[in-house]
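Bear in mind these aren't lab numbers, they're just calculated from the coordinates by the rules spelled out. Keep in mind that what you see is a predicted model, and the values were worked out from it rather than measured. Cβ: placed from backbone, ideal geometry, glycine included. Neighbour counts: every protein chain shown.
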Amino acid sequence: RVLFRAEVAPGITGGATASSSIAENTTAVTTLTANEAVTWSLSGGLDSALFAIDATTGALRFISAPDFEAPNDSDTNNSYVVDVQAIDAAGNTSVQ
């Protein structure tokens with residue numbers, strides 16, 4: 001079977017899951033990358049309401065900087081869960 005480019009979902013750098021450590025009182029988390037041009041969005045996760053992503057650049061950030069002494073993630077342990085989605089020009093999607 002031959003897969004045409006339009007049938008292949010974009011690859012998100014970092015595999016199926018990824019994690020980042022960030023400094024307290026900052027909003028920048030990471031900038032996601034893919035193996036082709038994609039549009040980025042948030043697609044879920046227990047703490048997704050606390051994040052924003054730039055649809056073009058893939059820059060993931062907290063909406064408000066976290067305060068590690070007063071965690072506001074879903075289980076109050078300063079470990080935040082958010083799912084991001086990459087959509088290519090053909091409409092193929094990948095979620096991480």
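Of note:
- Computed from the C-beta positions of Ala70 and Ala37 and an R0 of 30 Å, the FRET efficiency is 0.15 to the nearest 0.05.
- Relative contact order, percent, the range 44-96 [alpha-carbon distance under 8 Å, six or more residues apart]: 33
- Spacing of the two label points (7 Å from each Cα toward its C-beta) at Leu46 and Ala28, in nm: 2.9
- Only one item in (1) 37.7, 106; (2) 14.8, 54; (3) 23.8, 64 matches Rg and Dmax of the Cα atoms in Å derived from the coordinates shown, and that item is (2).
- Cα-based shape type of the range 14-66, given that a ≥ b ≥ c are square roots of the gyration tensor eigenvalues and the cut on a/c is 1.5: prolate
- Asn78-Val8 FRET efficiency (beta carbon distance; Förster radius 35 Å; 0.05 resolution): 0.45
- Mean sequence separation of contacting Cα pairs (under 8 Å, at least six apart), scaled by the length of the chain, corresponds to a relative contact order of 35 percent.
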